[in-house]
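Notes for the one structure printed next.
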There are 2 protein chains.
Amino acid sequence: MRDHSGYIEKDRHEAMQDVLDAWEFERGVETVEVPDALGRVAAADVVSKNTLPNKLTSNMDGIAVNFDAFEGGAPDTSAWVRGSDWQFCNTGIGMPGDFDTAIPIEWVEVSADDEHVVLNRLPEHRGNATTPVGANLQKGDVLVRAGDTLTPALLGVLNMGGHVQVDVVKRPVVAFIPTGNELVDAGKRLAKGKNVESNAVMVCAKLQQWGAEPLRYPIVPDNWKKLEKALLDAAEKADIVVINAGSSKGSDDFTCEILQEHGRMFHHMLAQGPGRHCSAAMLGATPVIGISGPPMGAEFTTDWMVKPLVDRYLGLSGAYPPMVFAQMDFAPDFWPEPVQVVKRGVVYRDEDDRLHARLLPMDGRPVLRTLDQANCFITFGRGVERWQAGDIHPVELRWPYVID
Amino acid sequence: MRDHSGYIEKDRHEAMQDVLDAWEFERGVETVEVPDALGRVAAADVVSKNTLPNKLTSNMDGIAVNFDAFEGGAPDTSAWVRGSDWQFCNTGIGMPGDFDTAIPIEWVEVSADDEHVVLNRLPEHRGNATTPVGANLQKGDVLVRAGDTLTPALLGVLNMGGHVQVDVVKRPVVAFIPTGNELVDAGKRLAKGKNVESNAVMVCAKLQQWGAEPLRYPIVPDNWKKLEKALLDAAEKADIVVINAGSSKGSDDFTCEILQEHGRMFHHMLAQGPGRHCSAAMLGATPVIGISGPPMGAEFTTDWMVKPLVDRYLGLSGAYPPMVFAQMDFAPDFWPEPVQVVKRGVVYRDEDDRLHARLLPMDGRPVLRTLDQANCFITFGRGVERWQAGDIHPVELRWPYVID
């Protein structure tokens, strides 16, 4: 029997901070086409190459005139010649010739041959219904700032400013290594006692949503040499490595021992469940997070331990989950010691716009199907003040941090 | 001069409802690989092909025993033989042989040769620390329901249930046709009086976010034949068509007239600004939304008139924007008649968790850069009850409906 007595157990917030403190990396930058930059993070400030409008522009469909003709009051337009005294002008288009004032078409009667006009209302000032040069954008204006997440509107702004490409932060490559003799790929025949590997697709989809690039490894059996090879390969190729299961104390759990041999172990366990068997280590310069095997634990620990690393790489400030104070709809009926237990909850708003928190049942098959209904974590046990029903108590919002 | 006196002006909510009421379509379905299904909408209920666990499974790292040995109290384990009296068992793995009970490794002293055990604590019941067959999933359990948006957790659930492919609603193809003689593609030389076409990238990015498939057309000049060709082609190829500008009354605005000739016009204008020159028509069975040219109007009208169509196609209930009651931080200093004016606002939460609404300045260059700071629309004018500072008043949340 191997000795696990030296295993380090940590609170998950402390555990995450240790990894963030130790992780040093060079943030990659790449140039992408603007239409491909949706959701990417700008790597540098971008300023406009254009001034818009670049000519006095009509902001109405109507006719363009010269305001000089109106200085003495209503002019006689019967002899006006189209082209020299007036011309049609259209919204968003530079004024024809040197005309300096626009009259909305609703104020004008135009002859059947489009050559003569009668004015029913006069422009009030020079520049009426026009937009001056540079009103919308000036060369040198900041279009996006380093660290901005590029939204549809910001992509439009980049185009306006004359940019068809933009420098963005490289997506961190995150390796995902599923391990375990009991695992079989989804869709393959499942012998008795075997289980489906279903965490890869879930974790890789999360990584995509968070702006990382998943690098999915095939299932690695519980074999020291094969695990060692996969881990060293992943630490070389990826910015962050996630290894799924094997952090526990089972007879075939080698993950922590391999990490200890080749790298620096931060912790072997979290002081709570689900997700208790979640480890962290540094293999060379690459953080390696061992997430627990059962899907619920895998889901929680990926959010807790991997998202802050992706956020840190991208320069986003997502490392600390937001807490809200809510009125608790229930009192705890158990109190775990010495670890904490984290349960899924729902924060909602009552008619008086007051926040409440309730538990989401942990049962229901498959449990992950109901997981998406939770928008918060409620923590029970060590270090938490025990509450009564009706008390105001802090709960932790769960990404994407939305309260309906 | 062409006659625009018959132009129909409508409130935007009424305008949208008219299009939704008239639109009949066949929702497409396609089969995709599970890892590619993130964010897609399930087209049908999917049930599990698997029962999990498919064998009594240990939920601890420890040893497997037969509870019969404990019926008479603490057994003498000194003569126990590994393999017949006990065996190692590991989390998530089917119990070895016919053993029915697990003992956590923390309760066990294992000899150096891994062949003998001493128990410091006894299992309390048959099945201790195990998970029965089918506890996590049973064949026939519903994994996802028709209409579910597929999240990372649901992709995992599909895999668990033995599915590697899933039927999803086809992304509606949405054509985007930018029009106008004044427009030049971003990055090209901009002659005086010309403007950059920057709406395509913005609108297409929105479509992507909403789950549609954009079909981007090149800039079409203000030429009847070319516009007619582009519109008829797009109505044939796409589920929804967005034509940008040309819905107004300018001398080169042919969009509405072409739509009138070939289809059925719902309205030519919205009774508000920005986005006043926004039209809707049915060309054959395809809805055609004319969005206004200036980027702010284009941004607003795409959200107002195009997103509900995409949502309807996908079967999502996003057609009606949610309203919230907020305490208004300001009184209006103008009141437009007969149209409405919509301004960008921010709904925020004060220390007492009370919702407030304030205006976001409309200036600042480029104005779309500041647009993303708005999370609501505040409407002034016809049909709206005028408020005083401090009044509670309804405001409309702006997608993605997040209040910080």
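The values are calculated or read from the model by the stated rules, or taken from the named source; none is laboratory data. The structure presented is a predicted model; accordingly, all values stated were derived computationally and were not measured. Virtual Cβ from ideal backbone geometry, glycine too; neighbours counted across all protein chains shown.
Of everything in the range B:215-259 that is away from chain A (no Cβ under 13 Å) and among the aromatic types (Phe, Trp, Tyr), the residue that is farthest from the chain's Cα centre (by Cα) is B:224.
Evaluate the range A:366-374: report whether one residue or more is over 24 Å from the mean Cα position of the chain (by Cα) and closer than 30 Å to residue B:134 by Cβ. Spell out the reasoning first.
First, the residues of the range A:366-374 that are over 24 Å from the mean Cα position of the chain (by Cα): A:366-367.
Narrowing further to those that are closer than 30 Å to residue B:134 by Cβ: A:366-367.
For the range A:366-374, residues over 24 Å from the mean Cα position of the chain (by Cα) and closer than 30 Å to residue B:134 by Cβ: present.
Yes or no, residue by residue, for (1) over 19 Å from residue A:368 (Cβ atoms); (2) free of Cβ contacts under 8 Å to residues at least 40 places away in the same chain; (3) of a type in the set (S, T, N, Q):
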position	(1), (2), (3)
B:122	yes, no, no
B:134	no, no, no
B:140	no, no, no
B:153	no, yes, no
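Residues are listed down the side, and each one gets a yes or a no for (1) free of Cβ contacts under 8 Å to residues at least 24 places away in the same chain; (2) surrounded by 14 or more Cβ atoms within 10 Å (Cβ to Cβ); (3) among the aromatic types (Phe, Trp, Tyr); (4) within 30 Å of residue A:45 (Cβ to Cβ):
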residue	(1), (2), (3), (4)
B:352	yes, no, no, no
B:355	no, yes, no, no
B:365	yes, yes, no, yes
B:374	no, yes, no, yes
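Candidates in the range B:178-199 are the residues that are in a loop (DSSP other than H, G, I, E, B) and hydrophobic (A, V, I, L, M, F, W, C); of these, the one that is surrounded by the most Cβ atoms within 10 Å (Cβ to Cβ) is B:186. Before we move on, is residue B:44 surrounded by 15 or more Cβ atoms within 10 Å (Cβ to Cβ), closer than 26 Å to residue B:238 by Cα and either within 14 Å of chain A (Cβ to nearest Cβ) or in contact with an Asp or Glu (Cβ under 8 Å, 6 or more places away or on another chain) (or both)? No; evaluated as a whole, the condition is false for this residue. Taking each residue of the range A:179-191 that is touching a residue at least 40 places away in the same chain (Cβ under 8 Å) and within 9 Å of chain B (Cβ to nearest Cβ) and looking for partners that are among the basic types (Lys, Arg) and part of a loop (DSSP other than H, G, I, E, B) with beta-carbon atoms closer than 9 Å, six or more apart or interchain, yields A:181/A:194.
Looking for whichever is more than 14 Å from every other protein chain (Cβ to nearest Cβ), touching a strand residue (DSSP E or B) at 6+ places or on another chain (Cβ under 9 Å) and modelled with pLDDT of 90 or more here; the options are B:336, B:321, B:308, B:287. Which one fits?
On the way: B:336 fails: modelled with pLDDT of 90 or more; B:321 fails: modelled with pLDDT of 90 or more; B:308 fails: touching a strand residue (DSSP E or B) at 6+ places or on another chain (Cβ under 9 Å).
Matching residue, one of B:336, B:321, B:308, B:287: B:287.
Answer with yes or no whether residue A:162 is assigned to a loop (DSSP other than H, G, I, E, B) and more than 7 Å from every other protein chain (Cβ to nearest Cβ).
Numbers: assigned to a loop (DSSP other than H, G, I, E, B): yes; more than 7 Å from every other protein chain (Cβ to nearest Cβ): no.
So residue A:162 fails the test.
Among residues of the range B:124-147 being in contact with a helix residue (DSSP H, G or I) (Cβ under 8 Å, 6 or more places away or on another chain) and surrounded by 22 or more Cβ atoms within 10 Å (Cβ to Cβ), the one that is farthest from residue B:100 (Cα to Cα) is B:144. Filtered by the rule that a residue be acidic (Asp, Glu) and either part of a strand (DSSP E or B) or closer than 16 Å to residue A:151 by Cβ (or both), the range B:361-382 gives a lone residue, B:372. Applying the criterion of being surrounded by 22 or more Cβ atoms within 10 Å (Cβ to Cβ) and touching a Lys or Arg at 6+ places or on another chain (Cβ under 8 Å) to the residues of the range B:205-214, the residue that is farthest from the other protein chains (Cβ to nearest Cβ) is B:212. Note on the range B:83-138: residues that are within 12 Å of chain A (Cβ to nearest Cβ), polar (S, T, N, Q) and in a loop (DSSP other than H, G, I, E, B) amount to 5. Across the range B:61-76, the qualifying residues are those that are touching a residue at least 24 places away in the same chain (Cβ under 8 Å) and under 57 Å from the mean Cα position of the chain (by Cα), and the one among them that is farthest from the other protein chains (Cβ to nearest Cβ) is B:70.
With the requirement that a residue be of a type in the set (A, V, I, L, M) and either exposed (fewer than 15 other Cβ atoms within 10 Å of the Cβ) or at pLDDT 95 or above (or both), what does the range A:228-247 give you?
Applying the first criterion (of a type in the set (A, V, I, L, M)) to the range A:228-247 yields A:230-232, A:234-235, A:238, A:240-243, A:245.
Those that are of a type in the set (A, V, I, L, M) and either exposed (fewer than 15 other Cβ atoms within 10 Å of the Cβ) or at pLDDT 95 or above (or both): A:230, A:231, A:232, A:234, A:235, A:238, A:240, A:241, A:242, A:243.
From the residues in the range B:339-354 that are in contact with a Leu (Cβ under 9 Å, 6 or more places away or on another chain) and within 14 Å of chain A (Cβ to nearest Cβ), which one is farthest from residue A:324 (Cα to Cα)? Once the filter is applied, the top-ranked residue is B:339.
Do you know which residues across the range A:260-280 are in contact with a strand residue (DSSP E or B) (Cβ under 6 Å, 6 or more places away or on another chain) and among the small types (Gly, Ala, Ser)? If the condition is that a residue be in contact with a strand residue (DSSP E or B) (Cβ under 6 Å, 6 or more places away or on another chain) and among the small types (Gly, Ala, Ser), then A:263, A:271, A:273, A:279, A:280 are the ones that fit. Reported count of residues in the range B:40-76, each being charged (D, E, K, R) and not in a loop (DSSP other than H, G, I, E, B), is 1. Of A:389, A:326, all but one fail to be more than 30 Å from residue B:159 (Cα to Cα) and surrounded by 19 or more Cβ atoms within 10 Å (Cβ to Cβ); the exception is A:326.
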